[in-house]
Structure formats: structure tokens, C-alpha cells
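Right, one structure below, let's go through it.
The values are calculated or read from the model by the stated rules, or taken from the named source; none is laboratory data. Fair warning: this is a prediction, and the values are worked out from it, not measured in the lab. Positions of Cβ are backbone-derived with ideal geometry, glycine not excepted, and every protein chain shown enters the neighbour counts. These accessible areas exclude ligands, DNA and RNA; they are computed on the full protein's heavy atoms, side chains included. Shrake-Rupley method; radii C 1.70, N 1.55, O 1.52, S 1.80 Å.
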Amino acid sequence: METPEDIPLEELGRRVSAARAATEARGETFYQGASRVHLAAFPPRERWDDWVELSSRAWPAREERHYMLVPTTCFNCESACGLLAYVDRQTGQVRKFEGNPEHPGSRGRNCAKGPATINQVTDPDRILYPMKRSGPRGSGRWERVSWDEALDALAARIRAAITQNRRNEIMVHLGRPGEDGYTERVLASWGVDGHNSHTNVCSSGGRTGFQFWMGIDRPSPDHAHAKVIYLISAHLESGHYFNPHAQRITQARANGAKVIVLDTRLSNTATHADYWLSPQPGSEAAINLAVANHLIQTRGYDRDFVRRWWNWAEYLTQCHPDVPVTFEAFEEILAGLYADFTFGFAAAESGIDASVLAEVASVVAGAGSRFACHSWRSAAAGNLGGWQVSRTLFLISALLGAVATEGGTFPNAWNKFVPRPIHVPPHPGVWQELSWPLEYPLAQNEMSFLLPHFLKDGRGKLDTYFIRVYNPVWTNPDGLSWMEVLCDEDKVGCFVALTPTWSESAWFADYVLPMGHGSERHDTHSYEQYDGQWVGFRQPVLRAARTRLGEPVTDTRQVNPGEVWEENEFWTELSWRIDPDGSLGIRQYHESRAHPGSKLTVDEYYGWMFANSVPGLPERAAAEGLSPLEWMRRYGAFEITRGQGAQHEQEVPAAELADLHVSPAGRVYTSAGPAPSANIVPAGAPAPDEAGRRAAGVMVDGVVRRGFPTPSGRLEFWSSTLAAWGWPEHALPGYIRSHVHPSRLAADQVVLLSTFRLPTQIHTRSANAKWLDELAHTNPVWIHPADAARFGIGRTGDLVRVETEIGHFVAKAWITEGIRPGVIACSHHMGRWRLDAGPRGAGGMMATVGLRQGDDGWRMERRAPAGPYSSADPDSRRIWWNDTGVHQNLTFSVHPDPISGMHCWHQAVRVGPAAPGDRHGDIAVDTGRAHEVYRQWLRRARPAGQVSPDGTRRPRWLMRPLKPAAEAFVIPAAGPGT
Ligand code: SF4
């Protein structure tokens with residue numbers, strides 16, 4: 001049989017051309033295959049109504065299967081790749097998911113987790129009906145209730161909290177939000193500052209460094225066109241937007257780009273690097289500064305870009321008042337600022353040879369403006385001062401002028417598009433101190449992981465607490481402190497888990513309400529994955545399929561399994577029940593415009609959005625005789641622009657400039673035009689001037705240009721915000737020694753890296769996908785052979801005990817040279833557990849445990865490992881593994897960075913052979929000690945009451961997912977933490 005390898009390339013090319021011509025002659029789109037095997041990789045969209053495949057099970061008989069292909073968006077990580085659901089036209093059920101070639105970000109490709117969505121849909125352990133607790137919290141006793149009963153009970157509580165002015169007792173805590181602003185809009189409509197997120201245990205450190213530079217908290221590297229790609233993460237396999245980015249990094253590599261990876265582990269990404277640097281954890285900023293210093297000392301930077309776009313003049317004025325405000329004077333100071341960051345210094349900090357660092361620096365210098373970089377969780381999430389990792393990384397981009405250039409790095413807001421919704425409620429007039437405490441005025445996001453400690457300290461209580469796509473007991477550090485407060489009805493009155501699956505947190509809920517997976521609910525998405533803007537649509541695919549067949553669906557529960565719902569319809573229904581007659585002013589934001597007095601439907605909500613706030617979509621849809629909503633239901637994603645370019649360089653039209661005021665630093669203010677409403681807009685907005693004029697641009701060489709949304713309008717090499725809010729010593733990009741710096745470790749301690757993902761799992765969301773569980777189900781501790789010998793650990797597979805500052809865990813060793821000596825590593829994805837009294841949860845991934853509390857704290861012991869079991873899915877009897885790893889996060893205390901608010905994940909630990917009686921997965925935790933550690937870290941903070949320059953809680957220009965009204969920013973006369 002002829003294989004593609006047997007065919008000469010020219011002949012293959014000829015066949016591809018012929019296939020393309022034949023396909024296009026039929027008026028269909030030809031998708032070039034990803035390999036030489038396939039001439040066309042994807043079904044052309046013209047045939048999505050009736051796509052025919054041969055049944056593999058019927059082979060060798062040629063039995064046709066007819067599918068309707070319906071797009072949706074993957075929800076197994078934040079990349080939001082396009083999926084195509086193959087809806088069997090005979091059974092009306094989804095048979096499989098593959099990539100959507102019409103999606104501009106993912107371009108038809110997915111990682112393993114995308115197609116595994118089918119496992120989640122057919123998961124025999126999923127929750128199908130609303131459940132209410134019928135015994136004490138955590139007893140595992142539940143009764144099925146109706147949606148009406150649950151909604152009425154919750155609406156009554158929330159209505160009472162609102163009318164009794166206890167608005168801060170309502171909180172919705174999100175994991176991966178999976179949507180752009182819907183929940184914020186709901187909370188704003190209730191007048192509640194109740195949005196809480198997971199971001200401070202995830203990406204706040206990475207965001208903070210970018211935010212202080214450009215006023216926008218995420219980078220958008222144009223990997224595909226880069227000459228040099230510099231990654232501080234395992235970005236190819238598990239970084240931010242990793243499939244869309246990985247395919248573009250691969251594209252660049254094929255064109256000769258060099259890839260530099262800083263990763264202490266030999267990750268899959270590191271194996272693909274041209275330069276793999278395995279630094280001592282926490283030294284990454286020192287390496288970045290050595291590279292920057294090389295550019296400065298060799299004059300290898302883009303002088304004109306630095307002169308025009310850095311706020312050097314403001315820096316000189318404020319910090320060097322005796323120096324003339326000239327660029328030459330600044331260059332002289334700049335040359336001295338980083339002179340100590342030699343390759344020798346960085347080598348001493350990082351353990352990487354100075355000659356290697358010098359070689360890497362010369363490669364970076366050769367990139368010019370085609371230098372693409374990314375840093376996200378990883379080092380920025382691991383270390384005290386980790387936010388300086390991304391700030392020093394962007395220093396390299398800013399020196400090279402590789403900002404918003406082809407092959408450079410963009411501010412993410414320019415490569416993202418957030419459509420405006422039909423109703424925009426006003427900013428809430430209250431401030432939630434449990435999420436935004438005065439101690440952390442510059443925190444990038446909510447101080448979510450401190451919530452149990454704040455509740456224990458009596459700073460407040462929660463009447464009604466929702467979690468959505470979030471498992472706080474499992475995800476956060478110090479999860480048993482979470483469990484303690486979630487079991488305490490005086491601290492959390494009613495705990496509601498909106499979830500498709502059982503989890504370590506849902507066990508303790510009062511209501512468990514079943515929500516849909518990625519193919520069972522609505523959302524919109526837009527993420528920075530290349531230099532362009534797109535909007536993607538997640539939708540319940542069976543609803544869309546039925547609609548395409550002319551069978552209207554008015555409620556997503558009509559097509560979902562059991563009584564599984566979606567959040568959007570749930571929030572609308574709940575809001576109506578909170579305010580049935582509209583007297584609270586809430587209902588108006590959940591009411592139809594087309595049919596006043598009736599509920600807003602998801603069709604109207606998204607129909608209005610696509611028709612009114614996505615440029616170009618109505619025209620594109622009309623060209624095919626479709627409404628914008630019909631078009632999105634059919635194709636799933638729309639590209640709005642490509643090639644955004646350097647938006648900061650755009651000249652501001654004269655029509656937008658009236659009553660012009662130019663600050664000494666060159667910031668241009670105007671009273672023309674409307675002030676933007678920012679309560680649901682993720683990008684930060686600079687504050688107006690004292691006369692209330694809005695910031696419109698920045699004066700550059702006599703021309704008013706758009707600039708950046710920073711206070712100065714320029715890239716802020718020196719941050720006036722950090723300087724004014726109590727941290728002048730860190731106002732420049734710099735190096736902060738980590739809490740796990742070698743000088744802070746005892747002789748018998750090592751650093752534990754706990755932040756890395758596995759490519760085929762995502763936190764708790766993917767554990768109910770059997771294919772993924774078979775691929776990855778455990779998390780051994782990586783230990784270098786030299787450390788294994790030092791600590792008396794004999795072989796891979798031996799049990800080790802890892803001691804943290806509040807307890808210990810017992811895991812299996814993996815002895816490998818893929819990790820630095822002096823550092824151990826353990827992925828945080830594993831160690832799922834269930835209480836023996838509770839529901840099964842995720843059968844292939846959860847061990848059954850017992851939890852008991854003694855004088856020395858909590859003990860968790862394995863009662864039974866995961867293993868085969870009987871269910872509606874015959875594959876559950878075929879589970880061959882029982883090692884599902886250890887839940888190490890339980891043994892970590894909280895480490896809030898005093899500036900970014902990021903939890904600093906890395907741990908100083910002792911490691912050795914397991915003690916007699918230790919069993920794999922055992923956990924010991926002293927939550928009393930955890931509370932002491934929380935207090936120690938709290939003392940590092942500089943509260944707004946002491947440092948605020950203007951009596952407010954937080955700089956108003958900083959981003960905040962749900963922004964309260966201006967008056968709520970003012971610190972009350974005697975608030976806590978002042
Ligand atoms: S990268 Fe994988 S998990 Fe993430 S959205 Fe894409 S297909 Fe889904």
C-alpha cells in the first residue's frame with residue numbers, strides 16, 4: 001500500500017493542488033492538511049449541515065454516519081479554542097468533538113483536552129439534578145430538590161441581604177470565569193461588590209509587572225513572526241493560551257526563530273528550546289536584568305523608541321531634580337542603574353554559567369523589534385516579588401522597541417475584543433473589604449486566598465456564597481482552613497456550588513446546582529493569541545442543532561442532560577426572583593428590550609450583542625442571508641481585525657480634542673467626548689485630571705498620540721503609582737530576592753516548585769475526562785539524583801515525606817536529572833480526594849480519604865485508592881491505575897506578596913524518606929500554625945490607611961474586574977487595617 005512517505009514531494013504537491021481545485025470548484029473551502037497524509041484536514045463549512053463519515057465500528061462494511069457540525073468553545077483551559085461538535089443526525093446526540101477550522105485563534109487545532117470534552121458530557125459521575133444538603137455540612141447526605149425550590153430560597157436570602165443593607169454578605173467566587181463580564185454585570189445589577197476570583201493564586205504576579213509598564217496587564221506576543229522567543233514558563237505545553245500560542249511558536253521555529261526557555265524543570269517546552277536555562281527559582285528577574293544591562297552597556301537598545309515612549313522625563317523630574325531633563329542625561333543614569341547586574345552576578349544568583357547568559361543576551365540583542373516574550377504563572381507566581389519577573393522581562397522588550405511590532409509583544413487589550421452587552425448596570429456603591437482589604441491597595445486582583453483567615457479574624461461574614469468553576473478547598477493553599485470556615489454556618493450562612501461535577505468543596509455546600517460543560521452553555525470569548533481581534537461564541541450545541549432544524553428551544557435545560565442548566569439563564573431567573581416587581585431596580589437589567597416586561601433571553605442577549613457591538617459581523621452575516629446570531633451559531637467565531645499594529649502611535653483626531661490640557665509629563669486631557677464606562681471593561685482606564693477632563697493621549701514630539709493607558713500615557717519605566725503608594729524603592733524594574741532565596745534556606749531545606757501544569761490536565765476541571773485521566777493521573781516528586789543520595793532516597797517510586805512550614809505530605813519519588821539540584825518539583829494537578837461518606841465524584845481520579853482532627857492538627861489518610869468501578873460507562877471497569885497522587889496544596893500556608901497580592905507558591909521544605917507508618921497520599925496540617933504564618937505575611941503589607949496619597953483605598957486607574965463607584969474608593973474614617 002502506498003504511504004505518503006513513498007510519494008515524491010512534487011507529486012504530493014500536485015495532488016494537493018488538484019484536490020484544492022476540485023474542492024473550490026464545488027464552491028467549498030479547502031483546508032490544507034496538517035500532514036502529508038491528509039489532503040484536506042477539516043470538513044468544509046459548506047457541508048456542516050450533513051457531514052458524512054464511515055462508521056469505524058462497522059468496518060469493513062461501509063456504513064455511513066451523518067452529522068450536523070455545530071461549533072462551540074472548549075472550556076478545558078483559558079485558551080478558548082474552537083470545537084466542532086459532531087451531532088449525530090440519527091440519535092440527536094453529540095458523538096465527538098474536533099477542532100473548528102473557522103476559529104481564528106486555534107485554527108482547527110486542539111490539545112488533547114479539547115476532544116476529551118465528550119468524556120465530560122458522558123461522564124457517569126456528573127451531577128444531573130439540583131441537590132440540597134440533608135445532614136450536617138460534609139456529612140455526604142443530600143436530597144434532590146427542584147430548581148424552583150433552590151431559586152426561591154436563594155432569592156429570598158439575597159433580597160433580604162440587599163434590603164437590609166448587607167450587600168457585602170453576598171459573594172460569587174469564580175475559578176476560570178469562562179466568559180467576558182457576564183457575572184460582573186449580574187453583580188453590578190444587584191449593587192453588590194461581590195466578585196471574587198482565583199487570579200491571585202494564578203496570574204496576578206505576572207500581570208502586575210506588565211500593568212505597571214503599560215497600564216494593561218497581559219502581554220500578547222506575536223510569536224509567529226518573531227526572530228527570538230523568550231519564555232519564562234512551560235509555554236509550549238501548558239502556558240497561557242498554549243495551543244494557539246504553541247502552534248505559532250512552532251511556525252516561527254520552522255522559519256528559524258530561536259526559542260529561549262527559563263524553566264527550572266526539563267519540561268516538554270524546555271526540550272524544544274534552543275536555549276534551556278534552569279535557574280535557581282526566584283533568580284529569573286536577575287537574569288532578565290543582566291540581559292537588559294547588556295543591551296544598555298552595548299547601546300544595543302532602540303534609542304528613539306526609548307526617547308519617545310518611556311516616561312524618562314517624569315522619572316528625572318521626580319527622582320533626579322538636579323539633573324537636566326534631557327534624554328542624554330537619562331541615558332547616563334540608565335547606564336549606571338543596572339551596571340551591577342553583570343552576567344557574573346546573574347550567574348551567582350541563578351546558578352547558570354555566565355558565558356551561557358552572555359550568549360543568550362547576544363541572541364536577544366540580535367532580535368531587534370522581533371522579540372516576543374511571555375511570562376505568566378511560573379516564576380511570577382512562585383516568588384516573593386515575582387511580579388518583577390514580568391516587569392524586568394518587559395524591560396527587555398521596551399529597550400528593544402519590540403512593543404506592538406511585527407514579531408514583538410503587544411498589550412493584550414489591543415488583541416482582544418470585549419463586546420458591549422445589551423444592559424450596562426452602574427458601578428456598585430459599596431466596597432468589599434473581604435476581597436479588597438486595605439492592606440493590599442495595589443493588589444492586582446481580589447485577595448481571594450486570604451478569605452478564610454479574614455473570616456476567622458471576624459472581619460465580616462458571608463450570607464450567601466457562590467462558587468462557580470471553582471474548588472477552593474482543593475485549589476488554594478491551606479485548603480483545610482477553607483474547609484473549616486465552609487463548615488461554619490456562622491461564617492458562611494449559605495454555600496452554593498454551581499458545578500457540573502462533585503468536588504472537594506462541593507461536599508460542604510448547602511446547594512449543589514448542576515451546570516453545563518463547554519458544549520452546554522453560552523459565553524463569549526476573546527483572547528490575545530496573535531496580532532488581531534476575534535470574538536468566539538460558546539453555545540449549547542444541541543440547542544443550536546435543534547434551532548437549525550427549526551425546533552425552537554427556549555431554555556437550555558430542554559436539551560441538556562437531566563436538569564443541567566447554564567449560568568446565564570440561571571442568573572437571569574435568580575435576578576427576577578430577587579426583584580419580582582422591579583422595585584429594587586434590579587429587574588430592569590434582566591428584562592427584554594424587544595418585549596418589555598418579560599425576561600431577557602439568551603437569544604436576545606447575544607443577538608443584540610452580535611448585531612450592535614461586533615464591527616463587521618452584521619455585514620458578514622447578511623452576505624450569507626443570516627442574522628449575526630445565526631451566523632455565530634453556525635460558525636462559532638468571527639475575526640474582527642487582523643494587524644492591529646502600534647495603536648499607541650495613532651494620532652488623536654482634532655475632533656476628539658477640546659479644552660486641551662497637557663500635564664508637565666506630556667499627558668493630554670480633553671473635555672471632548674464621553675468618559676468611558678469601565679465597570680465591565682477589563683482594561684484599565686487612566687484617571688481624569690483635576691478638572692474632570694479625560695485622558696485622551698500623550699504629547700510625543702509635538703503630536704498628540706493615543707499612547708498607553710498609564711497615568712503618564714507612556715510606558716512607565718518609573719512607576720509614579722508604586723512611588724506614591726508606599727513602595728518607592730520598587731518603582732523601577734528591579735530584583736527582589738525571593739522568600740526561597742538560598743540565603744533564606746536552612747542547610748537541610750530545598751525549594752519545592754509546585755506551580756506547574758501537566759499538558760493533559762487542568763486543575764479540577766478535567767478530572768472527569770477518562771481519556772485524560774488515563775494519560776496523566778499522578779504527581780511524583782521530581783528529585784535530582786544528588787539530592788536523592790543526600791537525603792537517603794533510594795529509588796524512583798520510594799515514598800518520601802515533604803515537610804512544609806505547616807505540615808507534611810507523603811508522595812512517591814521520581815529521581816531525575818531533569819531538575820536542578822537543591823530543588824524538587826511536584827505538579828499541583830493531582831491528589832484529588834473524596835470523603836468516604838460522600839458521592840463518588842470522579843471515579844478514576846479520586847482516592848477515598850478519612851479526615852480527623854487531633855491536638856496536632858488535621859490528618860488525612862487514604863482509605864481506598866481510585867480504581868475500577870461499575871457505572872453506566874463500561875470503561876469505568878477498565879481503570880488500571882490506582883496512583884492518583886497527593887494533594888500537596890493542603891500543606892502550604894498562604895504567602896501574599898505585599899505589592900501584587902499574588903500568593904507566592906514556592907515552598908522551603910525538608911525532604912526525606914517516609915517515616916514508618918507513612919502511606920502514599922498522607923497529609924498532616926496544623927491550621928493554627930497556618931493562621932500564624934498568615935499573620936507574619938500580613939505584617940509585610942503597607943496598608944492604604946498609611947500610604948494612600950489621596951485618602952482612597954486603591955489607585956483608581958488600576959484595573960479591577962468589577963469597579964465600584966468613585967465614592968466607594970474613599971477610605972472610611974475608621975476602617976479596618978487603617
Ligand atoms: S488549549 Fe486545549 S484545553 Fe485549552 S482551550 Fe484549547 S483545546 Fe481546550
Q. What is the sum of charges around Gly713, taking Lys and Arg as +1, Asp and Glu as -1, for the other residues whose C-beta is under 11 Å from the C-beta of Gly713?
A. +2
Q | Neighbour net charge for His225 - beta-carbon separation under 14 angstrom, K R +1, D E -1 | A | +3
Q.
So, for segment 830-978, what is the accessible surface per residue at a probe of 1.4 Å, expressed in square angstrom?
A. 39 Å²
Q: Quantify, in whole percent, the carbon and sulfur part of the accessible surface of the chain (1.4 Å probe; protein heavy atoms only).
A: 50 percent
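Note down the relative contact order for segment 433-497 as a percent, whole number, built from C-alpha pairs under 8 angstrom at least six residues apart.
34 percent
Ordering Arg167, Arg299, Arg521 by how much accessible area each has at a 1.4 Å probe, largest first, what is the list?
Arg299, Arg167, Arg521
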Q: Between Glu624 and Glu489, with labels modelled 7 Å along Cα→Cβ, what's the label distance in nm to one decimal, could you check?
A: 5.4 nm
Q: Report the net charge of residues surrounding Pro428, where surrounding means a beta-carbon distance below 13 angstrom and charges are Lys +1, Arg +1, Asp -1, Glu -1.
A: +1
Q.
Once each part is reduced to its C-alpha centroid, what is the distance from segment 135-194 to segment 553-567 in angstrom?
A. 19 Å
Q) Taking only pairs that are 8 or more places apart or on different chains, how many Lys pairs in the chain have Cα atoms under 21 angstrom apart? A) 8
Q) Quick one: accessible area per residue over segment 186-238, 1.4 Å probe, rounded to a whole number of Å²? A) 10 Å²
Q) At 222 nm, what helix-only mean residue ellipticity would the chain give, in deg cm²/dmol to the nearest 500, using -39500 (n - 2.57) for each DSSP H run of four or more? A) -7500 deg cm²/dmol
Q. When the solvent-accessible surface of protein heavy atoms is calculated with a 1.4 angstrom probe, in what order do Phe417, Phe708 fall, highest first?
A. Phe417, Phe708
(Q) Sorting check: for 79-88, 459-468, 943-952, which peptide has the highest mean count of neighbouring beta carbons within 10 Å, and how do the rest follow? (A) 79-88, 459-468, 943-952
Q. To the nearest 10 square angstrom, what accessible area does Glu729 show with a 1.4 Å probe?
A. 100 Å²
Q: Over segment 748-787, give the accessible area per residue in Å² for a 1.4 Å probe, as an integer.
A: 29 Å²
